[in-house]
Amino acid sequence: MDKLSKNPQNARRFDKNGWIQIHIEGAPYERGYQHGYLLAPQIGDVLRTLKYITLFNTGKEFHFFVDSADKMFTPHIDQEYMEEMRGIADGATAAGIQTSFEEILAWNGYIELVNYWWPKVQKKSEEHTPEKEHCSAFIAVGGATKSHGIVIAHNSWDQFVIGQHMNIILDIIPSEGYRMFMQSGPGYIDSFSDFFITGSGIIGTETTIAGFKQFKEDAAPEFFRARKAMQYGTDIDAWVEIMQKDNNGGYANSWLLGDIKTNEIARFEQGLNYSKLNKTQNGYFSGFNAPEDPRIRNLECGPSGYLDIRSTGARRVRWEQLMKENYGTIDVKSAARMISDHYDVYEERNNHPCMRTICGHSDVDPAEFTGLSGTAPFRPAGAFDGKITCSELAKDFGFWARFGRACGEPFFAEEFLNQNSQWNWLRGYLKDRPTEPWTFFKPV
């Protein structure tokens with residue numbers, strides 16, 4: 001009898017409308033084992049993909065980054081999370097997917113390894129990397145919202161070959177710390193796509209800082225700090241304090257946070273040497289992949305597109321327009337419209353989905369007007385989901401989510417590859433994402 005079946009009530013899995021929701025609980029190794037066992041097929045699929053795309057994108061085999069992660073990250077991660085990742089590896093192996101702690105560790109830190117550490121090793125950190133652009137988001141409160149409570153919305157952006165795996169809704173009751181309910185990926189201990197609700201009343205999300213070129217090897221990885229902040233952060237200040245401790249600069253983000261106990265929201269922009277925390281109980285913050293803090297933008301980044309409406313600047317401007325149009329009436333319903341928005345600021349066109357729109361569609365964008373160096377036309381990337389919650393829903397850990405894209409537009413891999421043969425190397429790895437409905441989730 002395997003370890004999971006000895007106590008099956010502790011672990012549950014539900015598949016619904018493109019999402020996989022799992023519940024795990026207990027001590028670090030125990031909950032990790034449950035995670036690995038329940039999501040073994042998905043973990044196997046992720047590892048198969050990583051072993052293929054890593055060589056193509058970097059020239060190095062995946063095992064090179066596995067070895068590097070073990071050397072770089074392990075000394076800086078609390079034993080609690082080491083045990084959880086060991087449990088994930090053992091659970092997946094018991095379910096028939098052979099893997100190791102080291103592979104799970106590398107997957108958790110993959111974006112930091114490939115997009116932050118490796119360019120620095122190659123001395124290419126001065127070059128702008130468009131792949132660091134992830135997500136559109138906002139958080140609003142007070143006079144900005146219909147209820148005067150908090151409303152938060154987010155869509156995740158990535159290469160589809162990675163983003164298609166971010167369909168996990170992870171419910172964790174740890175033996176110590178707060179309960180966490182979050183979007184995640186198979187094998188992750190944190191959210192990564194970063195939409196979460198915690199038992200301390202913190203709700204949060206983030207958008208990645210484009211063009212960020214700093215990284216510190218001898219420090220704690222972002223995925224560990226983010227998970228620890230979610231599990232142990234009692235309020236916004238405590239959450240930020242955990243994130244700041246031993247910061248390595250990896251996966252640098254503009255975090256949007258809310259505390260449903262105090263009805264306060266915050267934007268926490270975190271670079272390596274510079275950071276900025278702004279709070280309010282009346283207004284909004286938006287996320288569009290460029291930092292507001294001029295120190296981070298000018299001293300720690302290459303081109304971030306802040307003023308360029310051919311790139312990230314388009315979404316900065318569009319958020320200002322949408323907030324002006326919806327101020328005072330923002331609720332879950334209007335948030336769904338905003339996070340699905342297709343207005344192109346640069347071309348001044350309605351219903352023109354592209355890489356400049358809030359709901360990003362790089363796969364249909366010829367990239368004729370982009371200000372981002374190296375951005376390929378018709379790239380299989382962009383937004384692949386939408387999530388929304390508010391103060392009332394978050395009290396019970398509830399949120400609305402849509403997998404595929406927030407706007408509902410489907411993506412069919414074979415059709416895309418037939419039209420864009422330059423991406424044929426992804427055949428067999430790129431997946432369909434049909435239209436799915438908005439679906440409500442809470443712990444069950």
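Each 20 Å bin, from zero up to the one with the longest distance, holds this percent of the alpha carbon pairs of the chain: 27, 63, 10, 0.
Annotation: aspartates and glutamates with alpha-carbon distance below 13 angstrom to LYS279 (same-chain offsets under eight excluded): ASP235, ASP237, ASP259, GLU264, GLU269.
Ordering 89-100, 144-155 by mean Cβ neighbour count within 10 Å, with the highest value first, yields 144-155, 89-100.
Which entries of LYS71/LYS213; LYS261/LYS333; LYS216/LYS276; LYS213/LYS395; LYS261/LYS324 have Cα-Cα distances beyond 31 Å here? Please report the intermediate quantities before stating the final value.
Numbers: LYS71/LYS213 21 Å; LYS261/LYS333 23 Å; LYS216/LYS276 19 Å; LYS213/LYS395 38 Å; LYS261/LYS324 27 Å.
Cα-Cα > 31 Å for LYS213/LYS395; rest within.
In the frame of its principal axes, segment 48-158 has Cα extents of 51, 39, 27 Å, reported largest first. Exposure here means at most 11 other Cβ atoms within 10 Å; with GluC sites (Glu not before Pro) in a DSSP loop as sites, the longest stretch of the chain lacking them is 177-347. Label-to-label distance, ASP331 versus GLN244, with points set 7 angstrom from Cα along the beta-carbon direction: 3.8 nm. Binning the C-alpha pair distances of segment 147-272 at 5 Å intervals from 0 yields a P(r) profile of 2, 11, 20, 25, 21, 14, 5, 1, 0, 0 %, listed from the shortest bin outward. Just TRP118, TRP157, TRP423 to compare: in a GNM of the chain, with alpha carbon springs under 10 Å, which one fluctuates most? For the chain, modelled as a Gaussian network with Cα springs under 10 Å, the answer is TRP423.
For the chain, what is the calculated [θ] at 222 nm in deg cm²/dmol (nearest 500), taking -39500 (n - 2.57) for each run of four or more DSSP H residues and dividing by its residue count?
On the way: 14 runs with 134 residues, N = 444.
Using -39500 (n - 2.57) per qualifying helix, the result is -8500 deg cm²/dmol.
Multiplying the residue separation of GLU347 and THR435 by 0.36 nm and removing their Cα-Cα distance gives an extension gain of 29.0 nm.
Readers should treat all values here as calculations from the given coordinates under stated rules, not as data from a laboratory. Small disclaimer: the values here were computed from a predicted structure and weren't measured. Please note: Cβ atoms are built from the backbone with ideal geometry, for glycine as well, and neighbour counts cover all protein chains shown.
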